[in-house]
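The values are calculated or read from the model by the stated rules, or taken from the named source; none is laboratory data. None of these values were measured; they are calculated from a predicted model. So basically every Cβ, Gly included, is an ideal-geometry build from the backbone, and we count neighbours across all protein chains shown.
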């Protein structure tokens, strides 16, 4: 299990349905070691703290393995790492295996899995597709949120080490399907 890319973005205003919407879904990979604190990855900010961010949603993880599926589903889409608004693009983690409450170490930081991502209309904005939320739900490829349990630094290429797991906890896939 490994971090493939660390992606951050700042709030920006975009036009959507004749309105100006503030969003931080547009993330870009960053090089080098990056500081992780209780609420954020350095260089990243959430736009709407009522539904994104906070202690339970400090970082969003999306498996790199899902990108092949989306490249087939959306052949004309630009899909760089971070395209789904994730902070961490990873390899070796899947919604079928990761459980709510799993604790992971990455670099000098530690994290706990809190919940799957429930997509909002900003995914529609990012991809310019009215059907994107339905496609995302049907795919079962939700990714998941992390709480930061120990602040530290991380870098693309860092291994992800499972520290603890409750085998009776539900998986991200099970939580997303509810």
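Among the candidates 142, 108, single out the residue that is touching a strand residue (DSSP E or B) at 6+ places or on another chain (Cβ under 9 Å), closer than 24 Å to residue 78 by Cβ and modelled with pLDDT of 95 or more.
Every option except 142 fails the conditions.
When the residues of segment 161-178 are filtered to those that are over 18 Å from the mean Cα position of the chain (by Cα) and over 23 Å from residue 36 (Cα atoms), which remaining residue is modelled with the lowest pLDDT?
Filtering first and then ranking leaves 178.
May I ask you to say which residue of 70, 81 is under 20 Å from residue 139 (Cα atoms) and either without any contact (Cβ under 8 Å) to a residue 40 or more places away in the chain or out of contact with any strand residue (DSSP E or B) (no Cβ under 8 Å at 6 or more places or on another chain) (or both)?
The conditions single out 70.
Considering (1) surrounded by fewer than 17 Cβ atoms within 10 Å (Cβ to Cβ); (2) in a strand (DSSP E or B); (3) more than 13 Å from the chain's Cα centre (by Cα), say which one residue 115 fails and leave the rest.
Here residue 115 meets the rest and fails (3).
This table checks each residue for (1) over 18 Å from residue 82 (Cβ atoms); (2) modelled with pLDDT of 95 or more; (3) out of contact with any helix residue (DSSP H, G or I) (no Cβ under 6 Å at 6 or more places or on another chain).
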residue	(1), (2), (3)
114	yes, yes, no
117	no, no, yes
137	yes, no, yes
149	yes, yes, yes
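Of all the residues that make up segment 118-137, how many are in a loop (DSSP other than H, G, I, E, B) and either touching a strand residue (DSSP E or B) at 6+ places or on another chain (Cβ under 8 Å) or within 18 Å of residue 69 (Cβ to Cβ) (or both)?
3
Going by what's in this entry, would residue 103 be described as under 21 Å from residue 39 (Cβ atoms), buried (at least 17 other Cβ atoms within 10 Å of the Cβ), modelled with pLDDT of 95 or more and touching a strand residue (DSSP E or B) at 6+ places or on another chain (Cβ under 7 Å)?
yes
Select from segment 68-80 the residues that are part of a loop (DSSP other than H, G, I, E, B) and in contact with a helix residue (DSSP H, G or I) (Cβ under 8 Å, 6 or more places away or on another chain) and list them in ascending order.
Across segment 68-80, the qualifying residues are 74, 77, 79.
Restricting to segment 142-160, name every residue that is within 11 Å of the chain's Cα centre (by Cα), touching a residue at least 60 places away in the same chain (Cβ under 8 Å) and part of a loop (DSSP other than H, G, I, E, B).
The answer is 143, and nothing else.
Yes/no per residue for (1) more than 25 Å from residue 150 (Cβ to Cβ); (2) touching a helix residue (DSSP H, G or I) at 6+ places or on another chain (Cβ under 9 Å); (3) at pLDDT below 90:
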| position | (1), (2), (3) |
| --- | --- |
| 3 | no, no, no |
| 13 | yes, no, no |
| 16 | yes, yes, yes |
| 21 | yes, yes, yes |
| 26 | yes, yes, no |
| 40 | no, no, no |
| 51 | yes, yes, yes |
